[in-house]
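The values are calculated or read from the model by the stated rules, or taken from the named source; none is laboratory data. Being a predicted model, the structure only gives us computed values, none of them experimental. Cβ: placed from backbone, ideal geometry, glycine included. Neighbour counts: every protein chain shown. Remember, those area values only see protein heavy atoms, side chains included, never the ligands or the DNA or RNA. Shrake-Rupley method; radii C 1.70, N 1.55, O 1.52, S 1.80 Å.
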Amino acid sequence: VSNSYYGMKVHAKAFLAIKEDGTGAAHISTGNYDTNRAKTFTDYQFITTDQKVCDELFLFFKALFRREPLLQVLDTFDEKIEHIFISPISLRDRIIHELDTDVCQRVFMKCNSLCDRLIGEKINEAANRGIKISLYCRTACTLIPKRNVRIRSRIGVNLEHGRMYQFDDRFYISSADCAMRNLNKRLELMLRIPD
């Protein structure tokens, strides 16, 4: 697939194998498929044969290969999608939805950058409702620590590159940081880990 989709960089990291009987295996990663970076970056990866995840990932690849317009992709990724969220279509909305959920009591977000204004506002609103929020941001973070918001940076021997978003017992991994360029100008992928 081309590295450009209607002028947007394709930054998603995913692989899908489909057998003749229609079943498949999906691999979703937060990092590149690059042996050199694999030696120095830490990333998260998820491999599954869950048919629902494979079907949703197939829709993502189908849109890329057919070069479907974004509005058509938006129609495909509607409320029925449970596991795969893409930017700029549904990824930011999913994070905001999780932060808006009144039943959520604990939030953990680990990413390279957190400087998206809308997500930042929702984090502050959630903290004001009493939700405990822990943020690990390797580089840029536009939020200021406050009551119920703890912000840390982790620097280790290897480059911390994995992005993980946890809302109570719901876990997501993603190729995207919470930054304008990732959520507005790139084709990114986020996976909700099945129960």
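Observations
- Filtered residues of the range 2-26 (kept if under 19 Å from residue 161 (Cβ atoms) and either acidic (Asp, Glu) or in contact with a Leu (Cβ under 6 Å, 6 or more places away or on another chain) (or both)): 10, 12, 14
- Residue that is modelled with the highest pLDDT [pool: residues in the range 85-113 that are of a type in the set (Val, Ile, Thr) and open to solvent by 10 Å² or more (accessible area, probe 1.4 Å)]: 96
- Residue count for the range 21-59, restricted to those that are aliphatic (A, V, I, L, M), assigned to a helix (DSSP H, G or I), in contact (Cβ under 8 Å) with a residue 12 or more places away in the chain and open to solvent by 10 Å² or more (accessible area, probe 1.4 Å): 1
- Top-ranked residue in the range 75-134 [being of a type in the set (Asp, Glu) and in contact with a Lys or Arg (Cβ under 8 Å, 6 or more places away or on another chain); ranked as farthest from residue 41 (Cα to Cα)]: 102
- Annotation: residue 143 fulfils all but one of (1) under 19 Å from the mean Cα position of the chain (by Cα); (2) within 21 Å of residue 180 (Cα to Cα); (3) among the hydrophobic types (A, V, I, L, M, F, W, C); the unmet one is (1).
- Conditions (1) open to solvent by less than 50 Å² (accessible area, probe 1.4 Å); (2) more than 20 Å from residue 15 (Cα to Cα); (3) at pLDDT below 90: number failed by residue 81: (2)
- Applying the condition of being surrounded by fewer than 17 Cβ atoms within 10 Å (Cβ to Cβ) and hydroxyl-bearing (Ser, Thr, Tyr) to the range 114-141 and asking which residue is nearest to residue 93 (Cα to Cα) yields 134.
- Selection status of residue 170, over 26 Å from residue 9 (Cβ atoms), without any contact (Cβ under 8 Å) to a residue 24 or more places away in the chain and not hydroxyl-bearing (Ser, Thr, Tyr): no
- Top-ranked residue of the range 142-167 - restricted to ones that are at pLDDT below 90 and open to solvent by less than 50 Å² (accessible area, probe 1.4 Å), ranked as farthest from residue 37 (Cα to Cα): 156
- Test for residue 180: is it open to solvent by 30 Å² or more (accessible area, probe 1.4 Å) and of a type in the set (A, V, I, L, M, F, W, C): yes
- Members of the range 1-45 found to be under 20 Å from the mean Cα position of the chain (by Cα) and of a type in the set (Gly, Ala, Ser), listed by number: 4, 12, 14, 25, 26, 29, 31, 38
- Filter result for residue 62 (modelled with pLDDT under 90, outside any strand (DSSP E or B), open to solvent by 40 Å² or more (accessible area, probe 1.4 Å) and within 22 Å of residue 192 (Cβ to Cβ)): yes
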